[in-house]
Amino acid sequence: MSRRTVTRGAIGLAALAGMYALAPAYDGTFFLSFMVDVLILGLAALGLQHMVGDAGVLNLGQAAFFGLGAYGGVWTLQHWHWTTLPAFGAAIVVALAGAVVMAPLLRLRGVYFAMASFAFGAMMFEVFGQAVSLTGGENGLFLIPPPKIFGHVLIGNRDSYLLVLSVGVVCYAAFALLMRSGYGLSLHAVRQSENGARASGVNVARMRFIALALGVVPPALAGVLYAQVHSIVQSTIFDFNQSVALITMVIVGGVASRWGAFAGALVAQYVAVYPQSIAQYRFLLYGGVVALLMIVLPGGIASVGRALAGARGALVRTRI
Amino acid sequence: MRVGDLPQQIVFGLGLGAIYALVAIGYSLVYRTMGLLSFVQPQFVMLGSVFGYTGLVTLDLPLWLAAVPVGVATALVAVLIDQVGLRPIRRRGGAEIAMILATVAWGIVLVEIVRQSWAYGPSALNLRSTARPPFHLLGIEVRWDTVGSLATAGVLAAGLALFLRRTSSGRALRAVGESSRTASLMGIHVERTLALAAAISGFLGGVAGLLVGYLFSAGISTGTIGVKALAAAVIGGFGNVPGAVVGGLVLGIFDNVVAADVSATWRDAIVYGLIIVVLIVRVGGLVGRRVFSRV
């Protein structure tokens, strides 16, 4: 192991320990509830980061999978009285069904796929809003039970935080390992040169589909977690603005960076929640900040260190 | 579904179709010249509707006189956004997603500025009650506002076609649409031409917004009509400017027939589904030649 790997591992572990230490330190505070939402959104953004950053699948409809997971999981919670882990399974199945519907669109590239995925997200938003008997529509589904794992009911923001953080860590580690496997290497090859990868025997279409399918898993889990933590889901949270917010998190965090998804979620959620004194101008600020970031920091937060070190915007040229 | 109503629904749909066509031209022109899917385009409709309120209600201008200042004001905003928000990214050769996201962000900024300036937005700019009564043609009811919006779209589309073919700026635009690199080697000022494309798309979006305000209502939520117009651009072949006009009319009719005869609740879902179907079946659009490139 190189010295750099050891250093990075140490920093990662310290950060992780710090994240877990927040739970007892801020038990019962608004800040911890805020962090629960950051992690839930970060999860959804993590899946999107895999699609956009690792596979070049520019998905503008990620909120649809967030919603599919939420509604799929909540159905089993409310009608079949399942607990959280089996509900995760149901959410993944429903989100994967959505990915299968999206699969034929994957042969489109660039702007065309962006447009098609946008249309998919907009269509699913309409479906969520109108299929009231299944989703409750804009009024939403109420009285969703809190998370229950191995017989333990998790109530209060400390327990919610620990659960959401643990799910986040598992997903993060899973994607980190995946990207080191043969699958990750093939994906890397596809991003470098699609024709080159194809000539080396990589099935590009299949890689893109697998990346999409894997990328819908974290948002599906995030959907269930959101529903159980808030005990309500309304269709309005799965609109185009949510898809935009998620892709903003990925880009603001740094498209090539896995932890950047969570950093982006932190920034976006902070702007959305904290400026109480200028609450009225929150979205104006949000739009302005994103517009500005696209100009001054196209590589995202993860590129700040590199930019300071003098390596000029390598991420700008990352092919998307 | 009563078949006898179909011609009537088609005629009603044409009015909305003319609006879709104007916005779709903007989408296609911007994509053709900048290679950009612009999500600020629908907000030009919103802006046009609000400027229209100022022109028609506050200043009490007649509709035909309001169209030009509303269009020009929206065009100025479009150029401003292009130069301040998009040009720096373009110059750096920024990633596609950065450009798309920047347009989304500018769209949010526009909506929020209007929300702050006009409170929750003027909501009733519907002046149809004062309009002339409809006339009948072959037993079909035709409203004057349908005729008006069709005429407006027709005049603007024809004007644009003439501009693109007969003037040197128009030819420059077409040249940049073919290849901005070659165009710049031929001595065309590419940045100025792109600003012109932004101005035209803003002008058309603004006028479309004025019509939206006149036919339906004005306010911050009218951008959704602009978003649905994306389907028109796709039907016409994304980047195909004449196709966008046809796509707009087709979408207007489709939208209206679906709302009247299939389901008013599901009309938007069906329109978005149509985008997906067209992109899967024929990327080049349902109008004109099959296109294989740029996919």
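Values quoted throughout were computed directly from the atomic coordinates according to the rules given, and no laboratory measurement underlies them. Not measured: the values here are computed from a predicted model. All Cβ positions, even for glycine, are placed from backbone atoms using ideal geometry, and neighbour counts span all protein chains on display.
Miscellaneous remarks
- Amide H contacts of residue A:149 (H built 1.01 Å from N, under 5 Å, at least 5 apart or other chain): A:154
- Residue A:79 paired with residue A:174, simple spin-label distance in nm, labels 7 Å along Cα-to-beta-carbon: 2.4 nm
- The stretch A:129-281, dipole about Cα centre (Lys/Arg Cβ +1, Asp/Glu Cβ -1), debye to the nearest 20: 520 debye
- Here the protein assembly as shown is treated with +1 on each Lys and Arg Cβ and -1 on each Asp and Glu Cβ, and its dipole about the Cα centre works out to around 2240 debye.
- Separation of the stretch B:217-283 from the stretch A:11-76 is 34 Å, based on Cα centroids.
- The string of couplings for the stretch B:84-98 from the Karplus curve (6.51, -1.76, 1.60, θ = phi - 60°) is 7, x, 9, 4, x, 5, 4, 5, 7, x, x, 5, 3, 5, 5 Hz, one whole number per residue in order, with x for Gly and Pro.
- Three-way shape call for the stretch A:3-317 based on the alpha-carbon gyration tensor, with the a/c threshold at 1.5: rounded
- Shape call, the stretch A:115-182: gyration tensor on alpha carbons, a/c limit 1.5: oblate
- Taking the helices alone, chain B has a mean residue ellipticity at 222 nm of -22500 deg cm²/dmol, built from -39,500 (n - 2.57) per DSSP H run of at least 4 residues and averaged over all its residues.
- Residues B:179, A:257, A:243 in ascending order of nearby Cβ atoms (within 10 Å, fewest first): B:179, A:257, A:243.
- Over the protein assembly as shown, all Cα pairs binned in 10 Å intervals from 0 give whole-percent P(r) values of 3, 16, 26, 26, 17, 8, 3, 0, 0, listed from short to long.
- Summarising the amide proton neighbourhood of residue B:39: residues at separation of 5 or more, or on other chains, whose placed amide H is nearer than 5 Å comprise B:103, B:104.
- Note: the stretch A:1-135, Cα convex hull, 172 Å³ per residue.
- Per-residue ellipticity at 222 nm from helix content only, as computed over chain A with -39500 (n - 2.57) for each DSSP H run of at least four residues, stands at -23000 deg cm²/dmol.
- Karplus-based coupling profile of the stretch A:270-286, in residue order and whole Hz: 4, 5, 6, 10, 7, x, 5, 5, 10, 3, 4, 9, 3, 6, 4, 4, 4, with θ = phi - 60° in 6.51 cos²θ - 1.76 cosθ + 1.60 and x standing for Gly or Pro.
- With Cα atoms, 0 to 90° folded angle of helix B:168-178 axis to chain B main axis: 80 degrees
- Dipole of the stretch B:3-281, positive direction: furthest Cα of B:61, B:161, B:279, with charges on the beta-carbon: B:161
- Coordinate range along principal axes, alpha carbons of chain B, Å, largest first: 57, 45, 36
- Note on residue B:76 and residue B:263: their simple-model spin labels are 4.6 nm apart, each label 7 Å out from Cα toward Cβ.
- The stretch between residue A:8 and residue A:270, if pulled fully straight at 0.36 nm per residue, gains 91.7 nm over its current Cα-Cα span.
- Interchain or long-range residues, amide H under 5 Å from residue A:233's placed H: A:141
- Cα gyration tensor shape for the stretch B:196-295, rounded if a/c is under 1.5, else prolate or oblate: oblate
- Potential lengthening between residue B:190 and residue B:58 on full extension [0.36 nm per residue; Cα-Cα distance subtracted]: 43.6 nm
- With respect to chain B, whose longest principal axis is taken over its alpha-carbon atoms, helix B:267-281 is tilted by about 40°.
- In sequence order, calculated HN-Hα J values of the stretch A:37-49 (Karplus, 6.51, -1.76, 1.60; Hz; x Gly/Pro): 5, 4, 5, 5, 5, x, 4, 4, 6, 4, x, 5, 4
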